[in-house]
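A.B. asks: Can you read through this structure? Questions will come right after.
The values are calculated or read from the model by the stated rules, or taken from the named source; none is laboratory data. All values reported here derive from a predicted model rather than from experimental measurement. Because the Cβ atoms are built from the backbone with ideal geometry, glycine has one as well, and the counts that use them run over all protein chains shown.
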Amino acid sequence: MIIYADVFVAVNFFLDYTLLWMAGRLGGARTTRGRLALGAGLGVLHALAALVATDGPWRSLGLAIAVPLLMLGAAYLPLPVVTMARLTVAFYAAATIVAGLALAMTNALVAAFDRSTAVPPHPAAVPWWLLPLAAGLGAVVLWGLVVETRRRRLSEQFRVRLEISLHGRSVDLPALVDSGNKLTDPFSEAPVVVVEYAAVRQLLPAAVGRFFEGEAAGDLALLADASDDGALAGRMRVIPFTSVGRDAGMLVGFRPDRVVVAAPREGAGRVVVGEGEVVIGLYGRRLAPDGSYRALVPAELAMEVGD
């Protein structure tokens, strides 16, 4: 079998560079491209030595374990011992994923030859581009996992439970802490919690329901009826707002008896806000397409909620 030195060096360099990059992303460490190239270069030197000196120590198990550590050291040191250990585990995890993808693609290639009744390729004759392709796919898959994990972790940090009480009834719903929510009641200057109307429908009189859902939806006269209702007498509010793409808008709201903002975990911290200290602004549509949260809580109300 003919091995072209330039292809061999290029493939190994790309593979080692990608594995080092993947290890850093998984292990939470950063470095420069030059340091990654230095580490990948050490890997290429070891691969060349193992290719040329077939009977020497270059193919020993000890060296196979030591070289990745040297590569990681060249790319990322100095680092705390714990971080270095995490990088090492991440490197071998990335290598396992790339090897698995390469094996799967090899099997797929062999199966394709079998279906055409041709002679399947010997593993040593697998196209040179297979490993870089596997490394690239592995990098995409792992980076997607890292991004999704970070997104979920960040999302969980800003999630709270919201309990709204009015005249002896209450609803409990998932909420998102929104630092961009600066809405306040123009009269009392109380902060406004934006809530989906559907999430608190059961607390409100029929007149409010007709404002959002009936044939006369949007008729401000219905709000006057709700204000005269015993349950919401003196509690109705109209809150002006501006947003991206909209110069002026209006939220209909009300003052609840009590609002409790609590951390998602049971037994964690919570903040209780009494009547007059907060206003619920009603939003007629979904806030989250997947329904993962149904209210937007101003950051100032959630600052004292601890884990």
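A.B. asks: Under 8 Å between Cβ atoms, at least 6 apart or on separate chains: pull out the pairs that start in segment 283-305 with a residue that is β-branched (V, I, T) and end on any residue that is at pLDDT below 85 and part of a loop (DSSP other than H, G, I, E, B).
C.D. replies: As it stands, the answer is V297/N181; V305/A263; V305/A268; V305/G269, since those pairs meet every condition given.
A.B. asks: Would you check if there is a residue in segment 17-31 being without any contact (Cβ under 8 Å) to a residue 12 or more places away in the chain, more than 26 Å from L142 (Cβ to Cβ) and assigned by TED's automatic domain parsing to the domain that holds A99?
C.D. replies: No, the conditions are met nowhere in segment 17-31.
A.B. asks: Please list, ordered by residue number, the helices (runs of 4 or more DSSP H) wholly in segment 174-232 having 1 or more residues that are within 22 Å of D290 (Cβ to Cβ) and at pLDDT 75 or above.
C.D. replies: Counting at least 1 such residues, we get 197-200, 206-213.
A.B. asks: Return the pairs, sorted by first residue and then second, in which the second residue is at pLDDT 80 or above, the first residue lies in segment 45-70 and is under 18 Å from A93 (Cα atoms), the beta carbons are less than 6 Å apart, and the residues are 6+ apart or on different chains.
C.D. replies: Correct list of pairs: V67/H46; P68/F91; L70/L42.
A.B. asks: For segment 45-53, state whether one or more residues are at pLDDT 85 or above and within 12 Å of M22 (Cα to Cα).
C.D. replies: No, every residue in segment 45-53 fails to be at pLDDT 85 or above and within 12 Å of M22 (Cα to Cα).
A.B. asks: Identify, please: which residue in segment 60-84 is in a loop (DSSP other than H, G, I, E, B) and under 30 Å from the mean Cα position of the chain (by Cα) and is, among those, surrounded by the fewest Cβ atoms within 10 Å (Cβ to Cβ)?
C.D. replies: P78
A.B. asks: Report yes if A93 is under 28 Å from A5 (Cβ atoms) and part of a helix (DSSP H, G or I), otherwise no.
C.D. replies: The answer is no for A93.
A.B. asks: Filter segment 236-278 down to residues that are of a type outside the set (A, V, I, L, M, F, W, C) and modelled with pLDDT of 80 or more, then give me how many there are.
C.D. replies: Selection size over segment 236-278: 8.
A.B. asks: Could I ask something else about it? Among the residues of segment 1-43, how many are under 15 Å from Y92 (Cα atoms) and aliphatic (A, V, I, L, M)?
C.D. replies: Count: 7.
A.B. asks: Which residue out of I164, I65, I97 is in contact with a strand residue (DSSP E or B) (Cβ under 7 Å, 6 or more places away or on another chain), among the β-branched types (V, I, T) and either under 30 Å from A302 (Cβ atoms) or modelled with pLDDT of 70 or more (or both)?
C.D. replies: I164
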